[in-house]
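**Q** What follows is a single structure, and I will ask about it in a moment.
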Amino acid sequence: MFRFGNPEYLYLLLLIPALAFLNLLFTLQKRKALKRFGNPELVSHLMPDVSIFRPVAKFYLLLLALMSIIFMLAAPQFGTRLQTVQRSGIEVIVALDVSNSMNARDIEPSRLERAKQAIIRLTDRLVNDRIGLIVFAGQAYTQLPITSDYASAKMFVSNITTDIVPTQGTAIGAAINLAINSFTELEEVNRAIIVITDGENHEDDAVGAARKAAEKGIKVYTVGMGSPDGGPIPLSGTGNFLRDRDGNVVITKLDEQMLAQIAAAGNGEYIPANNIRAGINKLMNELSDLEKADFETKVYTDFEDQFQYLALLALFILIIDFMILERKNRLLKNIDLFTVEEKKEA
């Protein structure tokens, strides 16, 4: 298995297009400056050893070396062995609402983005637990089967948008039922479902589904996204808002009463997420109270650093760059294929 030990260094790759753009600007300014001295063709005869392409080649070789160094700093690693380890924890499935109402910006930057931040914070706090991810709108779908791979969980969360589910609506009950059937078959493992939504359930019996989960020993927690005052629903790419048949702007509001009823039926608790840090801390305290159970999981071990190959590549590129001079090669600059052809024709 491949991974980066220090993935935060990959943000430095943004320097590559920025430097390429700056180099283009400097090149254009340099050409403008040369034109002030006269005709570029006449000026080129005054500088016979100046090469147009060699500086460009040297610059992009340096960019390639910089990319190699950045990937080297990110510490690429390969896991060489898949090992079964014993862990003690719980199983958690997060059901995330991706209906269009989650695009409302009554909490910044939007309900959905705030929810994704909450899930990532929650994942960072898990230790030896398993996590799964379900997305739902008018229907519910498994986005990530239950796993101990927290890095994959965060990657899936970061890519979620409201376009991921084709059928609009808010079927909280369907999401809870799918979550119930998505846990492993291990016995004596405590389980919890975390429903993150604005609570506007129009599709099914969410309270009944939560009650069914509680009967199976699964606690259901709800996290409310939005404000009771609500906000309009932006239409992607238009700058306009969703309107009803009469042309009035639709205002979507957080339904705290519904979320509280679902949590009560699921023997869990309703947690408003206007303050992510406080909400996640409270949720983690609730999950920590659940008794841990032992289970086996497979993980990659003996990760080995592979940065040395990138270091050698960067060194090789820098040596080539050093050996290439910016002026023309003295042995080749006088070769003129077109002139030779004219002499032969004559």
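**Q** What pairs come out if I take residues in the stretch 109-130 that are within 19 Å of L290 (Cβ to Cβ) and pair them with residues that are in a loop (DSSP other than H, G, I, E, B) and charged (D, E, K, R) whose C-beta lies under 9 Å away, six or more apart or interchain?
**A** From residues that are within 19 Å of L290 (Cβ to Cβ), the pairs are N128/K292; D129/K292.
**Q** Among all residue pairs at least 6 apart or on different chains, which show Cβ distances below 6 Å where the first residue, located in the stretch 261-280, is touching a residue at least 60 places away in the same chain (Cβ under 8 Å) and under 25 Å from K212 (Cα atoms) and the second is hydroxyl-bearing (S, T, Y) and in a strand (DSSP E or B)?
**A** I262/T222; G268/Y221
**Q** Given the criteria assigned to a helix (DSSP H, G or I), modelled with pLDDT of 90 or more, surrounded by 11 or more Cβ atoms within 10 Å (Cβ to Cβ) and hydrophobic (A, V, I, L, M, F, W, C), does L64 qualify?
**A** Details: assigned to a helix (DSSP H, G or I): yes; modelled with pLDDT of 90 or more: yes; surrounded by 11 or more Cβ atoms within 10 Å (Cβ to Cβ): yes; hydrophobic (A, V, I, L, M, F, W, C): yes.
When the stated conditions are applied, L64 passes them.
**Q** Tell me which of these T184 doesn't satisfy, since it passes every other one: (1) surrounded by fewer than 18 Cβ atoms within 10 Å (Cβ to Cβ); (2) part of a loop (DSSP other than H, G, I, E, B); (3) touching a Leu at 6+ places or on another chain (Cβ under 7 Å).
**A** Among (1) surrounded by fewer than 18 Cβ atoms within 10 Å (Cβ to Cβ); (2) part of a loop (DSSP other than H, G, I, E, B); (3) touching a Leu at 6+ places or on another chain (Cβ under 7 Å), the lone unmet condition for T184 is (3).
**Q** Would it be correct to say that I233 is in contact with a helix residue (DSSP H, G or I) (Cβ under 7 Å, 6 or more places away or on another chain) and surrounded by fewer than 24 Cβ atoms within 10 Å (Cβ to Cβ)?
**A** So I233 fits the description; yes.
**Q** Something else about it: Residues being crowded, with 23+ Cβ neighbours inside 10 Å and more than 18 Å from the chain's Cα centre (by Cα): count how many of those fall in the stretch 103-124.
**A** Residues flagged as crowded, with 23+ Cβ neighbours inside 10 Å and more than 18 Å from the chain's Cα centre (by Cα) within the stretch 103-124 amount to 1.
**Q** Between G199, G239, G169, which is of a type outside the set (D, E, K, R), touching a strand residue (DSSP E or B) at 6+ places or on another chain (Cβ under 8 Å) and either crowded, with 23+ Cβ neighbours inside 10 Å or not in a helix (DSSP H, G or I) (or both)?
**A** G199
**Q** In the stretch 2-19, how many are exposed (fewer than 13 other Cβ atoms within 10 Å of the Cβ) and small (G, A, S)?
**A** Result for the stretch 2-19: 1.
**Q** Suppose we filter D305, D321 for residues that are in contact with a strand residue (DSSP E or B) (Cβ under 6 Å, 6 or more places away or on another chain), surrounded by 10 or more Cβ atoms within 10 Å (Cβ to Cβ) and modelled with pLDDT of 60 or more; which single one remains?
**A** D305
**Q** Does S236 meet the test of being free of Cβ contacts under 8 Å to residues at least 12 places away in the same chain and out of contact with any Lys or Arg (no Cβ under 9 Å at 6 or more places or on another chain)?
**A** no
Residue-wise test of (1) at pLDDT below 75; (2) among the hydroxyl-bearing types (S, T, Y); (3) surrounded by fewer than 17 Cβ atoms within 10 Å (Cβ to Cβ).
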site	(1), (2), (3)
E256	no, no, no
L259	no, no, no
N285	no, no, yes
E291	yes, no, yes
T297	yes, yes, yes
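**Q** Follow-up. Before we move on, is I164 in contact with a strand residue (DSSP E or B) (Cβ under 8 Å, 6 or more places away or on another chain) and surrounded by fewer than 19 Cβ atoms within 10 Å (Cβ to Cβ)?
**A** Numbers: in contact with a strand residue (DSSP E or B) (Cβ under 8 Å, 6 or more places away or on another chain): yes; surrounded by fewer than 19 Cβ atoms within 10 Å (Cβ to Cβ): yes.
So I164 fits the description; yes.
**Q** While we're on this one: (1) assigned by TED's automatic domain parsing to the domain that holds P7; (2) surrounded by fewer than 16 Cβ atoms within 10 Å (Cβ to Cβ); (3) not hydroxyl-bearing (S, T, Y): which one isn't true of I69, the others all being true?
**A** Here I69 meets the rest and fails (2).
**Q** Tell me, which residue of the stretch 144-165 that is without any contact (Cβ under 8 Å) to a residue 24 or more places away in the chain and either closer than 23 Å to D205 by Cα or assigned to a strand (DSSP E or B) (or both) is farthest from the chain's Cα centre (by Cα)?
**A** T147
**Q** Can you tell me which residue among A175, A206, A214 is in the same structural domain as G266 (by TED's automatic domain parsing), within 18 Å of L144 (Cβ to Cβ) and either surrounded by fewer than 24 Cβ atoms within 10 Å (Cβ to Cβ) or not β-branched (V, I, T) (or both)?
**A** Among A175, A206, A214, only A175 is in the same structural domain as G266 (by TED's automatic domain parsing), within 18 Å of L144 (Cβ to Cβ) and either surrounded by fewer than 24 Cβ atoms within 10 Å (Cβ to Cβ) or not β-branched (V, I, T) (or both).
**Q** Out of all the residues in the stretch 197-209, is one or more out of contact with any His (no Cβ under 8 Å at 6 or more places or on another chain) and under 30 Å from S88 (Cα atoms)?
**A** Yes, some residue in the stretch 197-209 is out of contact with any His (no Cβ under 8 Å at 6 or more places or on another chain) and under 30 Å from S88 (Cα atoms).
The values are calculated or read from the model by the stated rules, or taken from the named source; none is laboratory data. Note that the structure is a prediction, hence the values are computed from the model and not measured. Cβ coordinates were reconstructed from backbone atoms using ideal geometry, including for glycine residues, and neighbour counts include every protein chain displayed.
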